[in-house]
Protein chains: 2
Amino acid sequence: MAAPARFRHLDSSHAPGQQRAGARARAGDRPVDFSHGDVGAFPPHPAAAEAVHDAIAVGATWAYSPYRGHREVRSRVADRLGELMGLAIDPDRHLLVSAGTQAGLYLAMSSVIERGDRVGIVAPDYFAYRKITEFLEAQPVDVTLHYREHGRAGEIDLESLTSALDSGVRTIVFSNPNNPTGVVYEPSHLLRINATLAEYGAFAIVDQLYARQIFDGRAYTHFAGLDGAADRTLTLIGPSKTESLSGFRLGVTIGPEPIISRMETVQGLVTLRAPGYSQAVLTTWLAEPPGWLDDRVAAHQRIRDELMAVIQASDAVMARPTEGGSYLFIHIPAVAGDLDAFVESLRVEDGVTVTRGTEFGSFPDAVRLNFSQDRTAAVAALRRLVDRAQRW
Amino acid sequence: MAAPARFRHLDSSHAPGQQRAGARARAGDRPVDFSHGDVGAFPPHPAAAEAVHDAIAVGATWAYSPYRGHREVRSRVADRLGELMGLAIDPDRHLLVSAGTQAGLYLAMSSVIERGDRVGIVAPDYFAYRKITEFLEAQPVDVTLHYREHGRAGEIDLESLTSALDSGVRTIVFSNPNNPTGVVYEPSHLLRINATLAEYGAFAIVDQLYARQIFDGRAYTHFAGLDGAADRTLTLIGPSKTESLSGFRLGVTIGPEPIISRMETVQGLVTLRAPGYSQAVLTTWLAEPPGWLDDRVAAHQRIRDELMAVIQASDAVMARPTEGGSYLFIHIPAVAGDLDAFVESLRVEDGVTVTRGTEFGSFPDAVRLNFSQDRTAAVAALRRLVDRAQRW
């Protein structure tokens, strides 16, 4: 049976988590899977698991929730997230709990993108934006990200954005901090983006999954909090990254009531609801003990610094220092045209799994690393990558 | 922002679990939500929760799995399900773990149905088959189910099936036991269905969620085990119903390798994977202690018998005795044309929540009950329904 047309562009075999593990790293080399964070190195706060244990013990009332999530969970999250984002969030109208932030993204895009639409996608950015757009039989339109000049603020190219909007784009999808480059957009830049989108009446889907992990004391701006943005923005956020709670499959979307309702309807077809017991995790989210988050961010900043020292000591590789989140996007000019072979050798011979740059747009000389790992193992693994790049 | 065209037919406000709870049942009346099973009345086997606790404690290796599910989970389920179904199931090729059986259904239908396709859907049958078909911008084609004559075997009308296939239908979706009527198809009937589908080269998606809950010692036939069927059948199954494990969001799909691969690709967009820790539940599934399942089935059969006695004592309502699963589809001729008002009065005044028949096709005089409930409460709630039906 032939695959439906919407499969035309799909292939997930190189997606993060889908590659086989490192096969035969040299003795003494600890394999590192940089395709996602290591929950062993950065475990969840224990209160999260306890909340799930308690919910399972309670049983019936936690097993089933309305499609948009348990009322008491939505209520607590709305309060805490409202404070974080500087927004008034009504738990009954503006918030949906999904089976992971990825599911929130799929529901969001399904709810605003029409077949044949043109959709603005920042390049590079999280690979699923493009794939879901194509799966919905819509047309991705690249919007350029400036991130290579390290002294200069990372910015979405406004001319590129305007040109996309002029070509008919009415929805734009982007992450902040940017995945894979780690760029955090400056407030003044987001104000300009917001003004441009407002001028065209365009809708924004903003993935803020790493919004709580910002380095160097940098300012972080929640896009939906900007003037007039809340009515035409969906914000995706959740506890899967910094908080290491990915295994529970929970995401939260904040947005205008009509779109949240539509998302709930689609969720009723796709997964019915987020896992009932897991939802209890969210009662502990954004309420970690004082210092817990600061320590976690500092630990990641330290890993970033050590990895950047390795990168900057070599002229075979280059990367912009991560400003927020756990990603480094490393350019390796020598592997352009030969990226798959490099990634495969690195995985099989060095026990180092990375995600190829072509997953994020047209970046045939780049790889992405999630450095939420054991620090020593990560530094050693990056040295193996740099060694191989130098020999390539 | 206008809803995309695929939302044209969608409305989930009357779906099971979406209605508000009963508002002011008379004093002494315990509210009963018949829209889904009561996990409090029939709790999961304790080994399931223990397996999840252990997985959370282990941490990292359980948090993330390949999109199609943890290898060791797939391996155990393939063995046990292969034995149950009488099929050789390769855990690496024929099996996918999804975030609930509903998610399995969505992935399955997304993977075989093309926009514009005609899709055969048994009427009555689970409401989401029709809704997902419409969401995929395909065309549902009703296939008649004979279930009203109680002395006669429940059967899909073969003329109606052939006529659907003649009109261009190449995929048919049905549940066995049927949801909502509780019909279990006889082996000879499924042989005829299989022969007919084979003749047209048509594909089947068979929802066997209640395959382990068959009453009266009746025979149960796994459709995919019939001659030649395995290559053109997806079987949906999981531990959400009889085993009361819905709160963990786990489903299993068995099918031919190319379609399972496609489903994995779609899952990579929709939820990435089933919840990592929850997947541990499946290591305990189909391996409950001797007698556990028999006791559970017997307890449900007893509830069915008591409810049927109430139904048969009244001439205001009628229902076919459930042959498998936990559903009763009750026809109430007096409420035809007035079904929503009846359902709402029942909910608000009697504290009895049911799902309206119109969710399952054109059944404006019927309601569905999930009787996996406390037996005494269920019988009392059904009496309130019958009383109201008599007064209507």
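Any residue that is of a type in the set (D, E), away from chain A (no Cβ under 14 Å) and either farther than 30 Å from B:S12 by Cβ or buried (at least 24 other Cβ atoms within 10 Å of the Cβ) (or both) - is there at least one of those in region B:139-154?
Residues of region B:139-154 of a type in the set (D, E): B:142, B:149.
Still in the running and away from chain A (no Cβ under 14 Å): B:142, B:149.
Those still in the list that are either farther than 30 Å from B:S12 by Cβ or buried (at least 24 other Cβ atoms within 10 Å of the Cβ) (or both) too: B:149.
Yes, that holds for at least one residue.
Say we look at region A:123-159 and pick out the residues that are in a loop (DSSP other than H, G, I, E, B) and of a type in the set (A, V, I, L, M); which of these is nearest to A:G361 (Cα to Cα)? Don't jump to the end; show me each part of the working.
Applying the first criterion (in a loop (DSSP other than H, G, I, E, B)) to region A:123-159 yields A:124-126, A:136-138, A:147-154, A:157.
Subset that is of a type in the set (A, V, I, L, M): A:136, A:138, A:153.
On the way: A:L136: 18, A:A138: 16, A:A153: 21 Å.
This residue is A:A138.
Do we find that B:R130 is out of contact with any helix residue (DSSP H, G or I) (no Cβ under 6 Å at 6 or more places or on another chain), assigned by TED's automatic domain parsing to the domain that holds B:P187 and under 27 Å from A:A5 (Cβ atoms) in this structure? First the steps, then the outcome.
Numbers: out of contact with any helix residue (DSSP H, G or I) (no Cβ under 6 Å at 6 or more places or on another chain): yes; assigned by TED's automatic domain parsing to the domain that holds B:P187: yes; under 27 Å from A:A5 (Cβ atoms): yes.
Yes.
Starting from residues that are more than 12 Å from every other protein chain (Cβ to nearest Cβ) and of a type in the set (G, A, S), keep the ones in region B:109-129 and report whichever is surrounded by the most Cβ atoms within 10 Å (Cβ to Cβ).
Checked region B:109-129; the qualifying residue surrounded by the most Cβ atoms within 10 Å (Cβ to Cβ) is B:G120.
So which residues in region A:266-277 are assigned to a helix (DSSP H, G or I), within 7 Å of another protein chain (Cβ to nearest Cβ) and in contact (Cβ under 8 Å) with a residue 40 or more places away in the chain, if there are any at all?
Across region A:266-277, the qualifying residues are A:G268, A:V270.
Just give me the residues in region A:173-215 being surrounded by 21 or more Cβ atoms within 10 Å (Cβ to Cβ) and at positive phi, in sequence order.
Across region A:173-215, the qualifying residue is only A:G182.
In the list B:S75, B:S98, which residue meets the criterion of being at pLDDT 95 or above and surrounded by fewer than 23 Cβ atoms within 10 Å (Cβ to Cβ)?
Of B:S75, B:S98, the one residue that is at pLDDT 95 or above and surrounded by fewer than 23 Cβ atoms within 10 Å (Cβ to Cβ) is B:S75.
Cβ contacts < 7 Å: first residue within 12 Å of B:E155 (Cβ to Cβ), restricted to region B:187-207; second residue part of a strand (DSSP E or B), any location; separation 6+ or different chain. Result?
Cβ pairs passing all conditions: B:H189/B:E155; B:I193/B:I156.
Anything in region A:204-219 that is farther than 15 Å from A:N179 by Cα, assigned to a loop (DSSP other than H, G, I, E, B) and small (G, A, S)? List them, or say none.
A:G217, A:A219 - these are the residues of region A:204-219 that are farther than 15 Å from A:N179 by Cα, assigned to a loop (DSSP other than H, G, I, E, B) and small (G, A, S).
Which one is nearest to B:A128 (Cα to Cα), of the residues in region B:356-392 that are under 16 Å from the mean Cα position of the chain (by Cα), small (G, A, S) and surrounded by 24 or more Cβ atoms within 10 Å (Cβ to Cβ)?
B:G357
Does any residue of region B:160-170 turn out to be surrounded by fewer than 20 Cβ atoms within 10 Å (Cβ to Cβ), in contact (Cβ under 8 Å) with a residue 12 or more places away in the chain, of a type in the set (G, A, S) and outside any helix (DSSP H, G or I)?
Looking through region B:160-170, at least one residue is surrounded by fewer than 20 Cβ atoms within 10 Å (Cβ to Cβ), in contact (Cβ under 8 Å) with a residue 12 or more places away in the chain, of a type in the set (G, A, S) and outside any helix (DSSP H, G or I).
For region B:249-265, give me each residue that is outside any helix (DSSP H, G or I) and facing chain A (nearest Cβ under 8 Å).
If the condition is that a residue be outside any helix (DSSP H, G or I) and facing chain A (nearest Cβ under 8 Å), then B:R249 is the only one that fits.
Limited to region A:233-248, what total is found for residues that are within 11 Å of chain B (Cβ to nearest Cβ) and within 17 Å of A:P46 (Cα to Cα)?
Number satisfying all stated conditions: 6.
Cβ contacts < 8 Å: first residue more than 7 Å from chain A (Cβ to nearest Cβ), restricted to region B:1-17; second residue in a loop (DSSP other than H, G, I, E, B) and modelled with pLDDT under 80, any location; separation 6+ or different chain. Result?
B:S13/B:Q19
Among the residues of region A:83-101, which ones are among the hydrophobic types (A, V, I, L, M, F, W, C), out of contact with any strand residue (DSSP E or B) (no Cβ under 8 Å at 6 or more places or on another chain) and assigned to a helix (DSSP H, G or I)? Reasoning before the result, please.
Taking region A:83-101 first, the residues among the hydrophobic types (A, V, I, L, M, F, W, C) are A:84-85, A:87-89, A:95-97, A:99.
Restricting the remaining residues to those that are out of contact with any strand residue (DSSP E or B) (no Cβ under 8 Å at 6 or more places or on another chain) gives A:84, A:88.
Across region A:83-101, the qualifying residue is only A:L84.
Given the conditions (1) assigned to a helix (DSSP H, G or I); (2) surrounded by fewer than 24 Cβ atoms within 10 Å (Cβ to Cβ), and given that B:G104 satisfies all but one, which numbered condition is not satisfied?
Unmet condition: (2).
Only one of (1) more than 14 Å from chain B (Cβ to nearest Cβ); (2) in a helix (DSSP H, G or I) is not met by A:V73, so which one is it?
(1)
Being within 14 Å of chain B (Cβ to nearest Cβ), within 19 Å of the chain's Cα centre (by Cα) and more than 23 Å from A:H70 (Cβ to Cβ) narrows it down to one of A:A230, A:A204, so name that one. Walk me through it before giving the result.
On the way: A:A230 fails: within 19 Å of the chain's Cα centre (by Cα).
The conditions single out A:A204.
Look at region B:52-69 and say how many of its residues are surrounded by 20 or more Cβ atoms within 10 Å (Cβ to Cβ) and away from chain A (no Cβ under 11 Å).
The qualifying residues number 1.
The values are calculated or read from the model by the stated rules, or taken from the named source; none is laboratory data. All values derive from a computational prediction rather than experimental measurement. Note that each Cβ is placed from the backbone with ideal geometry, even for glycine, and that neighbours are counted across all protein chains shown.
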